[in-house]
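Take a look at the structure below.
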Amino acid sequence: MTKTILRALAGETLPTPPIWMMRQAGRYLPEYKATRAEAGDFLSLCYNPDLATEVTLQPIRRFGFDAAILFADILLLPQALGADLWFVTGEGPRLSTITGPEGLTKLKGIDDIHETLSPIYQTVRNLSGALPAETTLIGFAGAPWTVATYMIAGQGTPDQGPAHALKAEDRATFEALIDLLTASTIEYLSKQIEAGAEVVKIFDSWAGSLKGEDFSKYALEPAREITAALKARHPGIPVIAFPREAGEGYIGFHAATGADCVAVDNSVDAEWVAEHVQPDGCVQGNLASRHMVTGGDALVSEVRRIRQALSKGPHIFNLGHGITPDADPDNVTLMIETLRETQK
Ligand code: 1CP
């Protein structure tokens with residue numbers, strides 16, 4: 001029997017939607033914190049195939065999710081392209097910044113990325129031999145716009161101001177960066193697929209700040225190019241796109257990009273998604289992450305409501321964004337048990 005995630009991605013409406021969770025390996029799990037301490041720091045964990053395999057498997061063992069997502073980060077690709085990358089404890093990532101054409105000329109060529117990224121491919125190979133037969137392995141990368149926002153600002157930004165400024169002031173450099181990231185993301189994801197990833201997901205966490213024509217040019221078009229190139233090289237490979245906070249931009253995203261599944265955040269209502277997005281194909285989402293902190297009856301009724309609202313088409317249950325470090329693992333168990341109970 002084909003894996004449930006692959007069936008949903010192929011367009012099948014299942015009686016119980018399969019489930020996995022963004023950031024399912026992470027700091028809300030004591031076993032993750034222990035392995036991260038063993039690795040020393042976050043980047044050493046990402047580049048250690050044995051330990052990265054271990055943390056990917058932890059939520060599968062504990063909760064029995066239907067998919068595992070490779071443990072890595074969207075910022076490893078800029079590092080492989082030659083950007084400096086480090087993490088400041090309690091704050092987040094920091095990178096060298098790109099403010100003009102000279103920032104681009106310092107970067108490496110696309111063919112050079114695999115040297116840095118080869119431990120990531122080894123993690124994928126380990127996982128493809130280690131996962132239970134029913135569990136789907138998801139590879140991923142950041143979308144060019146989202147990765148560019150970090151490379152331009154050198155850190156996470158609330159409004160992606162520096163990236164919007166470069167786009168306005170030096171469009172040629174901005175577009176050359178988007179093109180470089182599009183081409184290198186194709187190579188990166190292609191190697192993950194060759195190593196055993198059965199699905200790939202493109203995280204465009206900051207797609208919501210692209211409006212109008214910018215959304216078409218820098219969110220939709222790169223996702224279309226990446227999806228088309230991967231499907232040409234690896235016929236049938238399913239692609240999940242996550243243009244977070246796209247709002248009305250979710251409508252038509254499947255058709256415009258060729259993605260098999262569009263993941264939606266929790267700023268859009270499941271009923272609205274059922275009416276406007278799901279007719280085009282599989283959708284993934286969209287429980288608010290805060291329920292993993294607060295739990296209780298509100299969690300149970302929200303899981304039932306979302307399941308019911310999206311029950312007439314293909315659906316992969318997930319959160320609207322990543323689980324937070326203050327979440328209670330018992331609420332994850334409650335979410336899964338509620339989803340898998342017989343429909344009342
Ligand atoms: O301290 C730690 O252990 C580091 C926390 C952490 C983790 C667990 C970071 C730093 N990255 C990750 C892993 C990660 N990142 C995964 C692994 C698989 C899983 O989901 O279990 C994935 C898919 C990502 C993707 C990622 N990294 C995104 C896209 C998704 C999203 O959440 O919007 C983004 C924007 C990043 C950048 C990043 N990496 C880490 C942090 C704290 C951030 C966000 C920084 C910011 O904007 O300020």
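The values are calculated or read from the model by the stated rules, or taken from the named source; none is laboratory data. Because the structure is predicted, anything quoted here is derived from the model rather than measured. Cβ: placed from backbone, ideal geometry, glycine included. Neighbour counts: every protein chain shown. Note: areas computed on protein heavy atoms with side chains; ligands, DNA, RNA excluded. Shrake-Rupley method; radii C 1.70, N 1.55, O 1.52, S 1.80 Å.
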Amide H proximity to LYS201 below 5 Å, modelled H, separation 5+ or other chain, gives GLY139, PHE140, ALA141, ILE240
Probe 1.4 Å, heavy atoms of protein chains only: per residue, the accessible area of the range 301-342 in Å² is 41 Å²
Computed ³J(HN,Hα) along the range 285-292: with the Karplus parameters 6.51/-1.76/1.60, θ = phi - 60°, integer Hz and x for glycine or proline, the list is x, 9, 5, 4, 4, 4, 5, 6
One would report the antiparallel percent of DSSP beta bridges in the chain, rounded to the nearest 5, as 15 percent
Rounded to the nearest 10 degrees, the helix 30-39 long axis (Cα) sits at an angle to the longest Cα principal axis of the chain of 30 degrees
Result: in the range 71-261 the number of Lys pairs with C-alpha under 21 Å apart, spaced 8 or more or on different chains, is 9
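Please report the orientation-averaged projected area of the chain, defined via the convex hull of its C-alpha atoms, in nm². Show your work: numbers first, answer last.
Values: hull surface 62.9 nm².
Result: 15.7 nm².
Order the peptides 91-104, 132-145 from the highest to the lowest mean number of other Cβ atoms within 10 Å of their residues.
Numbers: 91-104: 15.3, 132-145: 21.9.
Those peptides, ordered most packed to least, come out 132-145, 91-104.
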Helix 49-63: inclination vs the chain longest Cα principal axis, degrees, rounded to 10, gives 30 degrees
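I want the antiparallel fraction of DSSP beta bridges within the range 71-261, as a percent rounded to 5.
Of the beta bridges lying entirely in the range 71-261, close to 25 percent run antiparallel.
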Carbon/sulfur accessible area of the range 128-218, % of total, 1.4 Å probe, equals 52 percent
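Can you tell me the order of 204-216, 182-194 when each peptide is scored by its average per-residue count of other Cβ atoms within 10 angstrom, highest first?
Details: 204-216: 18.1, 182-194: 20.9.
So the order, starting with the most tightly packed, is 182-194, 204-216.
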Partnerless cysteines (no other Cys beta carbon under 4.7 Å) identified across the chain are CYS46
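Report the net charge of residues surrounding TYR121, where surrounding means a beta-carbon distance below 12 angstrom and charges are Lys +1, Arg +1, Asp -1, Glu -1.
On the way: positive: ARG125, LYS191; negative: GLU115, GLU187, GLU194.
Residues close to TYR121 contribute a combined charge of -1.
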Taking alpha-carbon centroids only, the range 243-266 lies from the range 154-218 a number of Å equal to 15 Å
Under the helix-only model (-39500 (n - 2.57) for each DSSP H run of 4 or more, divided by the residues of the chain), the mean residue ellipticity at 222 nm, to 500 deg cm²/dmol, is -14000 deg cm²/dmol
Once amide hydrogens are built 1.01 Å from N within the peptide plane, the residues lying 5 or more places from HIS315 or on another chain with amide H under 5 Å from its amide H are LEU14, VAL283
Taking a straight Cα-to-Cα line shorter than 16 Å from LYS3, and setting aside same-chain aspartates and glutamates fewer than 8 residues away, one finds GLU12, ASP66, GLU134, GLU198, ASP260
Between the Cα axis of helix 329-340 and the main Cα principal axis of the chain, the angle (0 to 90°, nearest 10) is 60 degrees
Computed over the range 71-261, protein heavy atoms only, probe 1.4 angstrom, the accessible area per residue in square angstrom equals 38 Å²
